[in-house]
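Written below as structure tokens is the structure these notes are about.
The values are calculated or read from the model by the stated rules, or taken from the named source; none is laboratory data. None of these values were measured; they are calculated from a predicted model. Cβ placement follows ideal geometry from the backbone for every residue including glycine, while neighbour counts extend to all protein chains displayed. Ligands, DNA and RNA are excluded from the accessible area calculation, which covers all protein heavy atoms including side chains. Shrake-Rupley method; radii C 1.70, N 1.55, O 1.52, S 1.80 Å.
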Amino acid sequence: MVSLIAAVAVLTSCGNHSADEQVSRSVFAMDTYMTVTAFGENAADAVTESIEEIARLDKLWNINDPDSDFSRINCGGEVTVSHDTAELISFALDMNEKTGGALDITLLPVLREWGFTTGEYHVPNDETISALLEYTGSDKVKVSGDTVSVEKGIMITPGAVAKGITGDIISEIMRENGVSSAIIDLGGNIQTVGQKPDGSEWKIGLKDPRGQGIFGTVEISDMAVVTSGGYERFFEQDGETYWHILDPKTGRPARSGVISATVIGGEGSLCDALSTAFFVMGEQQTEDFWRRSGGFDFVLVTDDDRVIISEGLKDRYTSNGLYGEPEVISFE
Ligand code: ADP
Ligand code: MG
């Protein structure tokens, strides 16, 4: 099951500002609905270019299209790919190291076995998972310039970072077109350019991992807000819920105690990589990582119904009461 809106962008339209043109277009790509909205006089051109770019990246990165860069890499050997693909993979390998292995694009053989790539779900037995884990590991992927090679049997998927990187690329297209206010909803990954046309901040809703509504909002500008949650793609069997984010160490759905991880920062790519990684790493490791590196903020929801936010969000996060007031983590 794919949730169409993991975070809700709250847009207000100001009807009496007729000079503020608003152009919005949606497209189905990367297995989700994406909506690009731009304001101002260059909005139409910027949105058209953005939609074309999304289609191009979707084709390059679609693991189900035999001609895509990823399918060609997954057939083995040394493959020359587009520069965007080489950059995506280099970035993911770097983030694999930085997150202590929590983000790992080589999990595709295991994800397939669980049925997360097709929707034909089943719980694999221990032997099968152990055998498949032999065919994972980011150290078995090499990038040199625009050439990528993987060791025998290794298969990679861009799923955990593709939308965040797309957000950065589209934001750049907006700026190149002179658009100073835009909001890009990449199936719940929200990326904003500048402020709202009226000069106020964007108010982004954070989806309740246990229900249909939102548990809080953050007010931001010129930033990405990316959430990874177990509710986005999952199945249930014998009373257990199995979701699509796996712990690379076990080959099983990550059970870290975190049921929703949101990362807020200037770069969608980093936010996307870290939100997936934090879902795997859990509360303590997320806090340690943030204290060590900084440069972004986070919101976690735990399986015992607590919300934890980093200090930078203290005046930007508003709870709607669902999980009560958040615990605020500081650098000390
Ligand atoms: P979503 O795509 O649902 O917004 P994520 O950015 O967290 O959420 O990416 C999850 C996708 O990444 C999964 O559908 C799967 O293809 C892949 N994946 C699952 N676990 C991991 C992991 N530990 N590291 C990297 N990719 C993963
Ligand atoms: Mg991600």
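Would you please list the contacts, defined by Cβ atoms under 6 Å and residues six or more apart or on different chains, that run from a residue in segment 91-110 that is open to solvent by less than 30 Å² (accessible area, probe 1.4 Å) to a residue that is assigned to a helix (DSSP H, G or I) and among the β-branched types (Val, Ile, Thr)?
Listed by first residue and then by second, the contacts come to Ala102/Val280; Leu103/Thr276.
Looking at this structure, is Glu332 over 19 Å from the mean Cα position of the chain (by Cα) and over 17 Å from Phe215 (Cβ atoms)?
yes
How about segment 289-329: which of its residues are among the aliphatic types (A, V, I, L, M) and open to solvent by less than 30 Å² (accessible area, probe 1.4 Å)?
Scanning segment 289-329 gives Val299, Leu300, Val301, Val307, Ile308, Ile309, Leu313, Ile329.
Go through (1) modelled with pLDDT of 95 or more; (2) out of contact with any Gly (no Cβ under 6 Å at 6 or more places or on another chain); (3) within 16 Å of ligand 2 (Cβ to nearest atom) one by one and return the number of the condition Ile259 breaks.
For Ile259, the exception is condition (2).
Looking only at segment 134-154, which residues are more than 11 Å from ligand 1 (Cβ to nearest atom), crowded, with 18+ Cβ neighbours inside 10 Å and within 15 Å of Gly251 (Cβ to Cβ)?
Within segment 134-154, Tyr135, Ile154 qualify.
Would you pick out the residues in segment 127-152 that are free of Cβ contacts under 8 Å to residues at least 60 places away in the same chain and not charged (D, E, K, R)?
Correct list: Thr128, Ala131, Tyr135, Gly137, Ser138, Val141, Val143, Ser144, Gly145.
Take Gly164 and decide whether it is at positive phi and touching a residue at least 24 places away in the same chain (Cβ under 8 Å).
no
Take the residues in segment 254-274 that are in a strand (DSSP E or B) and open to solvent by less than 10 Å² (accessible area, probe 1.4 Å); name whichever of them is nearest to ligand 1 (Cβ to nearest atom).
Ala261
Test Ser310 against the criterion of being in contact with a strand residue (DSSP E or B) (Cβ under 7 Å, 6 or more places away or on another chain) and more than 24 Å from Gly159 (Cα to Cα), and give yes or no.
So Ser310 fits the description; yes.
Tell me, which helices (runs of 4 or more DSSP H) wholly within segment 108-216 include 1 or more residues that are of a type outside the set (D, E, K, R) and under 27 Å from Leu300 (Cα atoms)?
108-114, 162-176
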